[in-house]
Amino acid sequence: MSEMPLSKKKIDLVGVGNAIVDIVTNIDDEFLKKNRLQKGSMNLINLENSGKILKDCKIIKQISGGSAANTVVSLANLGNNVEFIGRVKNDKFGNFFSKDIKESGASFNSKYVETKESSAHSLILITPDAQRTMCTYLGASTEFEPNNINYESIKTSKYLYLEGYLWDSELAKQAFIKAAKIAKESNTKIILSLSDSFCVDRHRESFLDLINDFVDILFCNEEELKSLFKSIDLEQCKIKINSLCELTAITLGEKGSIIVNKNKTELIKPFLFGKAVDTTGAGDIFAGGFIHGLINNLSLNNCGQIGSICAGHIVTQIGSRSTINLKKLISENIN
């Protein structure tokens, strides 16, 4: 089979992940205690619990979300040709997700699915210190399976972006592997986001196999990488991931990020644009900015700077959709 060079591919990136409607709310620390929630965690809940928590919350905004969807939308905002693949039902949340993500400029061609479960939604509980705690009802997303993926899009895309959260489902795992195999055969670069340290704890060995066998580029934060190797030594983790993966971007929160590529490590400084009010999606938007740089053949240092600029801005507002022109912000701040 002849490989299509990246420059000839018409889609910049295809993202595969949970199609989730994010419901953003402000709460206090007492609310977390009352509901027995650990600050900063991602919790899987059922529909009944979702209703109970929502009853005591005031909704600030509702947006089409999910980790990979956030990255795809940020790339669409920056003018890239991107597509998102996710699983939704023809219901209130499914219709909202489909309409909202299309309005962002991303393609979303996934057909509505027949299922008893409602479409997925996540309650994003923001405390005054800007930390976000998530309670997610995955619903229809949990039945993600190989036939939900548009393999033709993957073949004609430069990058395939996979969201670690989907790894919780056995059928979704099969879809991941099939998508990764198609990508490998089609000269499509494979990107994995580890998503969450709790997710890594659940699937450490199979994540390591996936990275070793398929992944070209890895996005993670410091805690996720340490969880992957069951180590508290970041230097050792960097050496280990370098032996498995061609390129890794590790976010360090307010300390910036580290790029590990071959035997070179580069520290990228953070960009601060004001007080952090919500860290939701910061890692996803960092990935979007970084990948935007890769799509445009920029240096890894510039890719890291763009990721930091996007993440530095997004934490100053509520929700994971930028309210300003990201391209303009980047051009004003890139070194």
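Under 10 Å from the Cβ of L192, count the other residues' Cβ atoms, weight Lys and Arg +1, Asp and Glu -1, and hand me the total.
On the way: positive: none; negative: E163, D216.
Result for the local shell: -2.
What order do you get for D278, D216 when you list them from fewest to most C-beta neighbours inside 10 Å? Don't skip to the answer; put the middle values down first.
Values: D278 22, D216 17.
With the fewest neighbours first, D278, D216 line up as D216, D278.
Magnitude of the Cβ-charge dipole of the stretch 143-206, K/R +1 and D/E -1, about the Cα centre, nearest 20 debye? Walk me through the intermediate numbers first.
Working: 9 positive and 10 negative charges, 84 e Å.
Charge dipole of the stretch 143-206: 400 debye, to the nearest 20.
Name the residue farthest towards the positive end of the dipole of the stretch 166-208 from the options A179, W167, L208, assuming +1 on Cβ of Lys and Arg, -1 on Cβ of Asp and Glu, about the Cα centre.
After comparing all options, I get A179.
Sort the following peptides by mean Cβ neighbour count (other Cβ atoms within 10 Å, averaged over residues), highest first: 263-275, 218-230. Display every interim value, and only then the final one.
Details: 263-275: 13.5, 218-230: 21.4.
Descending mean neighbour count gives 218-230, 263-275.
Please list the three semi-axes, largest first and in whole Å, of the ellipsoid equivalent to the chain, using sqrt of 5 times the eigenvalues of its alpha carbon gyration tensor. Write down the numbers at each step before the final one.
On the way: eigenvalues 148, 114, 81 Å².
Taking √(5λ) for each Cα gyration eigenvalue gives 27, 24, 20 Å.
For each of K34, K55, K89, count neighbouring Cβ atoms within 10 Å of the residue's Cβ, then give the residues from fewest to most.
On the way: K34 11, K55 7, K89 23.
Exposure proxy ranking, most exposed first: K55, K34, K89.
Over 22 Å between Cα atoms: which of K10/K184; K39/K275; K102/K178; K52/K173; K61/K111; K92/K116 fall into that group? Can you show the working numbers first?
Working: K10/K184 17 Å; K39/K275 19 Å; K102/K178 26 Å; K52/K173 31 Å; K61/K111 26 Å; K92/K116 14 Å.
Going by Cα-Cα distance, K102/K178; K52/K173; K61/K111 fall outside the 22 Å limit.
Put +1 on the Cβ of every Lys and Arg and -1 on every Asp and Glu Cβ in the chain; which of T316, P128, G281 then has its Cα farthest towards the positive end of the dipole?
The residue sitting farthest along the positive end of the dipole is T316.
Can you put T188, T25 in order of Cβ neighbours within 10 angstrom, beginning with the fewest? If you can, show how the numbers build up before the last one.
Values: T188 27, T25 18.
Placing the least packed residue first, the sequence is T25, T188.
Just name one of T265, L54, I306: the one whose Cα is farthest towards the positive end of the charge dipole of the stretch 6-333 (beta-carbon charges, Lys/Arg +1, Asp/Glu -1).
Ranked along the dipole, the leading option is I306.
Return the whole-Å distance between the Cα centroid of the stretch 161-184 and the Cα centroid of the stretch 82-96.
Using only Cα atoms, the two centres lie 18 Å from each other.
Throughout, read-outs are computed from the coordinates displayed, never taken from laboratory work. Treat the numbers as computed from the prediction; the structure is a model and nothing was measured. Note that we place each Cβ from the backbone using ideal geometry, even for glycine, and neighbour counts take in every protein chain shown.
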